[in-house]
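> Here's a structure for you.
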Amino acid sequence: MSDDHTHVQEFFSARAADWDSRFPDDGPAYAAAVAELGLREGDRVLDAGCGTGRALMPLRAAVGPSGVVLGADLTPAMLHAAVRAGRDRDGRLLLADVAALPLRSRSLDAVFGAGLISHLPRPAENLRELARVVRPGGVLALFHPIGRAALAARQGRQITPEDLRAEPNLRLLLAGSGWRMTSYVDEDVRFLALAVRED
């Protein structure tokens, strides 16, 4: 396992048990972001870096009982927290790295990634892997329930021009990884970038 993976696992393992209680009011923001994916009954969707599975219920509601909902995370403790919360009823949980997903190419209609982009060790490669598993015309949502400026303030840091989530940087990164950005919102109460899988 790479140092990047070890760092991510250590960070989230230490926080898994009380993760949901630290962010108790995020549910409506997750539901609103999922709604913007435009999922249909029967669609197949992945929550990449699903953590405790807070997006799984709105994803299941969007695709219905005939759809497929997968939640993949690198950290066993986060997946255990998802099971304890009963979220495994809404989707199948996979212990998996988004850098090498155990999924067939073009097998999904959409990918949802909450807080994902800042934890990707090789963002361009990792976004290409997400593109690999999504059909052409499928959708990617990169979401955070707090905007960049508000998150930086909470963490006691400044936003820099190099921030991957800045619109021009993210647009370029996505374009080089098989995606075309179609929408970008960065407000205090949410960050949401939508992209379509190119052919």
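The values are calculated or read from the model by the stated rules, or taken from the named source; none is laboratory data. For clarity, every value in this text was computed on a predicted model and none was experimentally measured. Note that each Cβ is placed from the backbone with ideal geometry, even for glycine, and that neighbours are counted across all protein chains shown. The protein model used for the area step is the full one, side chains on, heavy atoms only, and it has no ligands, DNA or RNA in it. Shrake-Rupley method; radii C 1.70, N 1.55, O 1.52, S 1.80 Å.
> So how strong a dipole does region 114-199 carry about its Cα centre when Lys and Arg Cβ are +1 and Asp and Glu Cβ are -1, to the nearest 20 debye? The partial results should precede the final answer.
On the way: 12 positive and 10 negative charges, 37 e Å.
Dipole about the Cα centre, nearest 20: 180 debye.
> Expressed as a whole percentage, what fraction of the accessible surface of region 66-125 belongs to carbon and sulfur atoms when a 1.4 Å probe is rolled over the protein heavy atoms? Display every interim value, and only then the final one.
Values: 1360 of 2660 Å².
Reported share for carbon and sulfur atoms: 51 percent.
> At S66 and E41, where each label point lies 7 Å from the Cα along Cα→Cβ, what is the point-to-point distance in nanometres?
Inter-label distance under the simple model: 0.6 nm.
> Additional query: Once label points are set 7 Å from the Cα along Cα→Cβ at both E198 and E125, what is their separation, rounded to one decimal in nm?
Between E198 and E125, the simple spin-label model gives 2.1 nm.
> Which is farthest toward the positive dipole end of the chain among L192, P136, T75, measuring Cα position about the Cα centre, with Cβ charges +1 (Lys, Arg) and -1 (Asp, Glu)?
So the residue furthest toward the plus end is P136.
> If N is the number of residues in region 105-149, what value comes out of its Cα radius of gyration divided by 2.2 N^0.38 Å? Spell out each step's value before the answer.
Working: Rg = 11.3 Å, N = 45, 2.2 N^0.38 = 9.3 Å.
For region 105-149, the normalised Cα radius of gyration comes out at 1.21.
> Rounded to a whole number, what % of the accessible area of region 136-199 do carbon and sulfur atoms account for, probe 1.4 Å? Don't skip to the answer; put the middle values down first.
Values: 1680 of 3160 Å².
Solvent-exposed carbon and sulfur of region 136-199 make up 53 percent of the total.
> Dipole magnitude of region 51-199 about its Cα centre, charges +1 at Lys/Arg Cβ and -1 at Asp/Glu Cβ only, in debye to the nearest 20? Mind dumping the intermediate values first?
Working: 20 positive and 15 negative charges, 70 e Å.
Approximately 340 debye in magnitude.
> Please give the charge dipole size of region 116-162, origin at the Cα centre, charges +1 on K and R Cβ atoms and -1 on D and E Cβ atoms. Round to the nearest 20 debye.
60 debye
> Given a 1.4 angstrom probe, what's the average accessible area per residue across the chain, in square angstrom? Kindly include the intermediate steps, with their values, before the conclusion.
Details: 9410 Å² over 199 residues.
Averaged over the residues of the chain, the accessible area is 47 Å².
> If I model a spin label as a point 7 Å beyond the Cα along the Cα-Cβ vector, how far apart are those points for R92 and Q155 in nm?
3.3 nm
> Tell me, what is the percent relative contact order of the chain, built from C-alpha pairs under 8 Å that lie six or more residues apart?
Values: 380 pairs, mean separation 36.9, N = 199.
Reported relative contact order: 19 percent.
> Local charge sum around C50 (other residues, Cβ-Cβ under 9 Å, Lys/Arg +1, Asp/Glu -1)?
Values: positive: R54, R87; negative: D47, D73.
Around C50, the charge tally is 0.
> To check my understanding: the extent here is largest minus smallest coordinate of the Cα atoms along each principal axis. What are those three numbers for the chain, in Å, largest first?
Per principal axis, max minus min of the Cα coordinates gives 44, 40, 35 Å.
> For a quick check, take a GNM of the chain with Cα springs below 10 Å and name the residue from G156, G67, G176 with the largest mean-square fluctuation.
With Cα springs under 10 Å in the chain, the top fluctuation among G156, G67, G176 is at G156.
> For the peptides 43-50, 93-100, what is the packing order when you average, over each peptide's residues, the other Cβ atoms within 10 Å and list the highest mean first?
Values: 43-50: 26.6, 93-100: 17.5.
The densest-packed peptide leads the list: 43-50, 93-100.
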